[in-house]
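Reading through the structure tokens given below for one structure.
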Amino acid sequence: MRRALTFLPVAIFGVLALLFIKGLTLNPKEIPSVLINHPVPDMTLAPLPGRGESSGLSAANLKGRVSLVNIYGSWCIACVQEHPYLMEIKKSGAVPIHGIDWRDDPALGAAWLKKHGDPYERVGVDPPPGRAAVDFGVTGAPESFIVDKQGIIRYKHIGPITTEVWAKILLPIVRELEK
Amino acid sequence: MRRVFKMALKRRTGRLNGASLVLLCALAWTVPAFAVNPDEMLKDPAQEYRARELGKDLRCLVCQNQSIDDSDADLAKDLRIIVRERISAGDSDAAVKKFVVDRYGDYVLLKPPFKATTLALWLGPFALFAGAVAVVLGFYRRRRSAAPVPPPPLSADEKKRLEKLLKETGR
């Protein structure tokens, strides 16, 4: 008993140290979404200029197929970094990608896609105060959501998609949901 | 502002001139500015007051340690506007908070709520303190019970020997 008590402070220190070390590896910008397993928000977003009248994005468009919803903006720097990977995913045909042009001038959003390439099937414009983005619990761009066939959000990725993120995390989830 | 400093710096060898000294002192009376822009404010002062009180409790998801009222981030501005929209639509304070928490989770509240998953957070410090008090009390109790027992009184034989020894040393 005495011996156990002697080592108790060391044990408490050890447990705390492990917790703190774990804390150092966490990214405080990655806030877990509370909307996982919730239906996509009820939204009807206008199309980007020059992409066709019926190319906007609504909740109904996200039903029937597994899809990837990507939040971007022409002002978003990390989106430029992410973009080539989205183009590759589009080329692979693994999953349809829809875009939400967040807090942006639609003309600039359209020009940005002309410049960097257009990986999106549908693009909805979400002007300030970004109601659709807030309904999605968006904290920054880029962010991506995997939506299942029933229109339910199944996964949220914060930050740019890379080859590794796609191959190790997103693609397996898409495959699983497509079963 | 810059001119004031220029004026103050101009005469390196001399003293600050009176006007710039007064202006520099005036800086001491500045108050913190809030990020809320005049065009965001609600017309009804009572509703605007509610929006401010709510805004103080809601975390800016970009800067994280600022409230949406303090932050200049675009997302904080959006949330300020949306909070005011909910208030104008007739939502109660609790309903507005729920609206934001439903989208961003409890993390968005600067003061975490008291519930089953946050019990450790709220009660942990008290539990640790109680534990520490228990350990200290236990320590003192053990020390008292382990205090040396006073030695038994000397026997008649021992007393005789003691007297003899004291005599020998001449005391």
So A:Ile77 fits all but one of (1) within 20 Å of A:Thr163 (Cα to Cα); (2) open to solvent by 90 Å² or more (accessible area, probe 1.4 Å); (3) within 13 Å of chain B (Cβ to nearest Cβ); what number is the exception? (3)
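Conditions tested, residue by residue: (1) in contact with a Pro (Cβ under 7 Å, 6 or more places away or on another chain); (2) at pLDDT 70 or above.
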site	(1), (2)
B:Arg12	no, no
B:Gly18	no, yes
B:Thr30	no, no
B:Glu40	no, yes
B:Asp78	yes, yes
Which ones in the range A:122-143 are closer than 12 Å to A:Ala46 by Cβ and open to solvent by 20 Å² or more (accessible area, probe 1.4 Å)? A:Arg122, A:Pro127
Looking only at the range A:155-170, how many residues end up being open to solvent by less than 60 Å² (accessible area, probe 1.4 Å) and of a type in the set (Lys, Arg)? 1
Answer yes if at least one residue in the range A:54-69 is out of contact with any His (no Cβ under 9 Å at 6 or more places or on another chain), within 14 Å of chain B (Cβ to nearest Cβ) and either within 23 Å of A:Asp104 (Cα to Cα) or open to solvent by 20 Å² or more (accessible area, probe 1.4 Å) (or both), and no otherwise. no
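Per-residue answers, yes or no, for (1) in contact with a helix residue (DSSP H, G or I) (Cβ under 7 Å, 6 or more places away or on another chain); (2) facing chain A (nearest Cβ under 8 Å); (3) touching a residue at least 60 places away in the same chain (Cβ under 8 Å):
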residue: B:Leu54; (1), (2), (3): yes, no, no
residue: B:Val62; (1), (2), (3): yes, yes, no
residue: B:Asp70; (1), (2), (3): no, no, no
residue: B:Ala73; (1), (2), (3): no, no, no
residue: B:Ile87; (1), (2), (3): yes, no, no
residue: B:Asp93; (1), (2), (3): yes, no, no
residue: B:Phe99; (1), (2), (3): yes, no, no
residue: B:Leu109; (1), (2), (3): yes, no, no
residue: B:Lys115; (1), (2), (3): no, no, no
May I ask you to say which residue of A:Ile152, A:Ile89, A:Ile173 is surrounded by 21 or more Cβ atoms within 10 Å (Cβ to Cβ), in contact (Cβ under 8 Å) with a residue 12 or more places away in the chain and either of a type in the set (A, V, I, L, M) or within 19 Å of A:Arg51 (Cβ to Cβ) (or both)? A:Ile89
Look at the range A:24-40 and say how many of its residues are within 14 Å of another protein chain (Cβ to nearest Cβ) and either farther than 16 Å from A:Tyr155 by Cβ or not in a loop (DSSP other than H, G, I, E, B) (or both). 5
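The values are calculated or read from the model by the stated rules, or taken from the named source; none is laboratory data. Note that the structure is a prediction, hence the values are computed from the model and not measured. Glycine also receives a Cβ, built like all others from the backbone with ideal geometry; neighbour counts cover every protein chain displayed. In case anyone asks, the SASA skips ligands and DNA or RNA and just uses the protein heavy atoms, side chains included. Shrake-Rupley method; radii C 1.70, N 1.55, O 1.52, S 1.80 Å.
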